[in-house]
1. For the chain, state what percent of all Cα-Cα pairs lands in each successive 10 Å bin, counting from 0 Å until the bin that includes the largest distance.
2. For the range 97-164, state the average projected area of the convex hull of the C-alpha atoms over all orientations, rounded to one decimal in nm².
3. If I take every Cα pair under 8 Å that is 6 or more residues apart in the range 81-166, average their sequence separation and divide by the length, what percent do I get for the relative contact order?
4. Compute for the range 21-81: radius of gyration divided by Kirkwood radius, i.e. Rg/Rh, restricted to C-alpha atoms, rounded to two decimals.
5. Find which of 108, 176, 58 sits farthest along the positive direction of the dipole of the chain, computed with +1 on the beta-carbon of Lys and Arg, -1 on that of Asp and Glu, about the Cα centre.
6. Sorted by average packing, counted as other Cβ atoms within 10 angstrom per residue and highest first, what order do 184-196, 99-111 take?
7. Given a 1.4 Å probe and every protein chain left where it sits, what share in percent of the accessible area of the chain is carbon and sulfur?
8. Once you charge only the Cβ atoms, +1 for Lys and Arg and -1 for Asp and Glu, what is the size of the charge dipole of the chain about its Cα centre, to the nearest 20 debye?
Amino acid sequence: CRVTGVEKTILFDTGGKGEFLLANMKKMKLSPKDVALIVISHNHGDHTGGLRPFLKENPDVSVFVPAKTPDGFVKEIQQIAADVTVVNKPTTICDGAVVLGPTGDKIIEQALVLDTKKGLVIIAGCSHPGVEVIAKRAKEELHRDIHMVLGGMHLLRHSDDDLRAVIDDLKKLGVQEVAPTHCSGDKAISMFQETFGDGFFKVGVGRVIEIDVR
């Protein structure tokens, strides 16, 4: 996910294969050199596999990884990237963008949160700790209403009742729009669309969503 409009251009996660990431960027006429910051949600190969190939094209970036990321991975990236920060708590990485830092107790993950005119836009990798948990933490830490939650929501194996509970939790938190991707699952995506209506966005490779930043 490529984020522009805030102070610096951000790449959130890098996919599983660098050749796909770079080829897709080329098709969209996007240059790796334009990216200043990279946020890694968690240390799974389908989110970090494109990082090393990307850094070969543009090593002059700052990379942000959550605490408890394996030391070997961090040290390897430190040898390539201009700067690597291990994030322990909510941290502003540029004007208009905050990484929440490690969330969860099994699979540790961090989300990227954009501060926009309409409210917070939360970008999640897989939401292993629970998308509702991430959304609640963002709202509590940043003290603003949530406009959108975008990204993987890890709901593939949830029952209908569990899916309904997650969706209800997001609605209670005041989430206005959702854009589920990646590991969310077809059933969950269908239920999100039914519940959020015009506030549902179908997303995939190449999709652009525009929201006014502050």
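1. 8, 37, 38, 16, 1
2. It is 4.6 nm².
3. Taking the mean separation of contacting Cα pairs over the length of the range 81-166, I get 21 percent.
4. 0.96
5. The listed residue farthest towards the positive side: 58.
6. The densest-packed peptide leads the list: 99-111, 184-196.
7. Details: 4970 of 10720 Å².
It is 46 percent, rounded to a whole number.
8. On the way: 27 positive and 29 negative charges, 80 e Å.
Here the size comes out at about 380 debye.
The values are calculated or read from the model by the stated rules, or taken from the named source; none is laboratory data. Keep in mind the model is a prediction, meaning the values are calculated, not measured. No Cβ is skipped: glycine too gets one built from the backbone with ideal geometry, and neighbour counts run over all protein chains shown. All accessible areas refer to the heavy atoms of the entire protein, side chains included, with ligands and DNA or RNA removed. Shrake-Rupley method; radii C 1.70, N 1.55, O 1.52, S 1.80 Å.
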